[in-house]
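Here the structure is laid out as structure tokens; the discussion comes afterwards.
The values are calculated or read from the model by the stated rules, or taken from the named source; none is laboratory data. Predicted model, so just to flag it, every value in this text is computed and none were measured. Note: ideal-geometry Cβ built from the backbone for every residue, glycine included; neighbour counts use all protein chains shown.
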Amino acid sequence: MASENEIKERLDEILVPGAMRSLSKLNLVKGIGVDGKKVSVSLASPAVNPQTQNWLKAKVAEELKGLPDVDEVEVDFVDAQAKDVNDIRNVVAVMSGKGGVGKSLVTGLLGLSLARRGYDVGILDADITGPSIPRMFGISGRPAGSETGIMPALSKLGISIMSINLLLPNEDDPVIWRGPLIAKTITQFWEDVLWGKQDYLLVDLPPGTADAPLTVMQSIPLTGVVMAFTPQELAAMVVRKAVQMTRHMQIPIIGVVENMSYLTLPDSGKRLEIFGKSKAIEMADAASAPILAQLPIDPELAQLCDAGEIERYDSEVLQQMADAFLNSVSAKT
């Protein structure tokens with residue numbers, strides 16, 4: 001008689017079309033039964049259209065009949081909502097009161113560094129009117145799904161990504177919406193997208209402290225927030241407002257990241273602080289949180305983002321940021 005572990009191992013090898021993640025990674029396996037030589041498998045249905053359900057039934061039966069002592073396989077789908085299936089350990093928002101400081105860049109770099117370490121990572125692009133995550137990762141295809149949910153797109157490293165730009169006819173089309181509709185879309189990205197099992201879901205927030213950030217903080221159970229900023233005093237002043245907002249909402253600040261902190265001159269190796277003296281220590285003190293990284297201005301990184309190949313980027317600073325982030329999350333949870 002086949003064991004449940006043997007059955008789970010076979011199910012782990014089946015990738016769901018449209019998601020390209022396994023049934024177990026999507027947390028769709030709801031029950032396994034063994035009765036002599038008959039195996040019964042119950043799968044959840046969110047975001048899985050009828051054609052995919054039929055394919056999965058046939059594929060599961062094919063895989064399990066390859067096990068010894070399995071003559072009959074029965075597969076059924078049970079109704080479920082994506083929000084009931086999703087199993088996300090940590091949700092971290094990347095925030096800044098100021099626009100143009102590199103929140104999306106910090107989100108992308110943090111996501112790829114965690115994925116390289118073997119973590120299951122997702123990115124929810126909550127910047128509805130100014131989405132840039134899909135372009136950074138070179139993703140343009142429309143997500144799969146059904147009436148019961150949406151499958152996020154998958155990056156080359158296996159990062160699950162959901163953004164409004166993936167749902168628009170053209171990525172250049174503007175989203176001219178008022179606050180309530182933006183808030184509703186963010187909530188749908190949280191509740192209706194099949195994220196499955198994730199170690200970290202990163203939420204790329206738009207600038208400011210208004211509707212969108214407030215929606216995320218009130219409707220999504222955040223583990224904490226990463227504050228992104230640049231060295232200019234104007235940027236630091238506005239970010240302090242965001243720090244005060246997180247405190248008011250009683251959400252921990254995991255750490256701060258200073259972007260465009262300096263430029264390393266190629267000939268001499270000297271660091272040039274183009275936007276002024278670093279505010280990293282000052283902002284860390286204001287946020288009562290550690291400095292996760294001081295990211296330099298790197299022309300190579302800019303070129304890779306423009307080409308949709310951010311996942312090719314690597315640097316010592318990136319490794320240090322991942323270490324500091326993981327240590328801080330561990331200390332906060």
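Points to keep in mind about this one:
- Under the condition of being modelled with pLDDT of 95 or more, farther than 30 Å from Ala236 by Cα and either in contact with a Pro (Cβ under 6 Å, 6 or more places away or on another chain) or among the small types (Gly, Ala, Ser) (or both), the residues counted in region 116-149 number 2.
- Unique match (being over 23 Å from Gly141 (Cα atoms), more than 22 Å from the chain's Cα centre (by Cα) and among the β-branched types (Val, Ile, Thr)) among Val85, Val34: Val34
- Count - residues of region 79-113 that are in contact with a Ser or Thr (Cβ under 9 Å, 6 or more places away or on another chain), at pLDDT below 95 and loosely packed, with under 15 Cβ neighbours inside 10 Å: 2
- The lone exception for Ile253 - which of (1) aliphatic (A, V, I, L, M); (2) touching a Gly at 6+ places or on another chain (Cβ under 7 Å); (3) over 30 Å from Gly118 (Cβ atoms) it fails: (3)
- Applying the criterion of being more than 17 Å from the chain's Cα centre (by Cα) and among the hydrophobic types (A, V, I, L, M, F, W, C) to the residues of region 168-211, the residue that is surrounded by the fewest Cβ atoms within 10 Å (Cβ to Cβ) is Ile176.
- Considering Asp172, Asp199, the condition of being assigned by TED's automatic domain parsing to the domain that holds Gly97 and in a strand (DSSP E or B) is satisfied by Asp199 alone.
- Lone unmet requirement of (1) over 28 Å from the mean Cα position of the chain (by Cα); (2) crowded, with 16+ Cβ neighbours inside 10 Å; (3) farther than 27 Å from Glu191 by Cβ for Val41: (3)
- Per-region count, region 136-159, residues in a loop (DSSP other than H, G, I, E, B) and surrounded by 24 or more Cβ atoms within 10 Å (Cβ to Cβ): 4
- Residues (closer than 22 Å to Thr333 by Cβ, of a type in the set (D, E, K, R) and part of a helix (DSSP H, G or I)) located in region 91-135: Arg116
- Among the criteria (1) free of Cβ contacts under 8 Å to residues at least 12 places away in the same chain; (2) surrounded by 15 or more Cβ atoms within 10 Å (Cβ to Cβ), the one Leu56 does not fulfil is (1).
- Some residue of region 59-74 being surrounded by fewer than 17 Cβ atoms within 10 Å (Cβ to Cβ), under 17 Å from the mean Cα position of the chain (by Cα) and assigned to a helix (DSSP H, G or I): no
- Restricting Glu191, Glu258, Glu233 to those that are closer than 30 Å to Ser146 by Cβ and of a type in the set (D, E, K, R) reduces the list to Glu191.
Yes/no per residue for (1) modelled with pLDDT under 95; (2) loosely packed, with under 12 Cβ neighbours inside 10 Å; (3) not assigned by TED's automatic domain parsing to the domain that holds Leu202:
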position	(1), (2), (3)
Met249	yes, no, no
Leu265	yes, yes, no
Lys270	yes, yes, no
Glu273	yes, no, no
Lys279	yes, no, no
Glu282	yes, no, no
Ala287	yes, no, no
Gln294	no, no, no
Cys305	no, no, no
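- Looking across region 243-284, just one residue is basic (Lys, Arg), in contact with a strand residue (DSSP E or B) (Cβ under 7 Å, 6 or more places away or on another chain) and more than 30 Å from Asp211 (Cα to Cα), and that is Arg271.
- Scope region 1-35; condition at pLDDT 90 or above and small (Gly, Ala, Ser); matching residues: Ser22, Ser24, Gly31, Gly33
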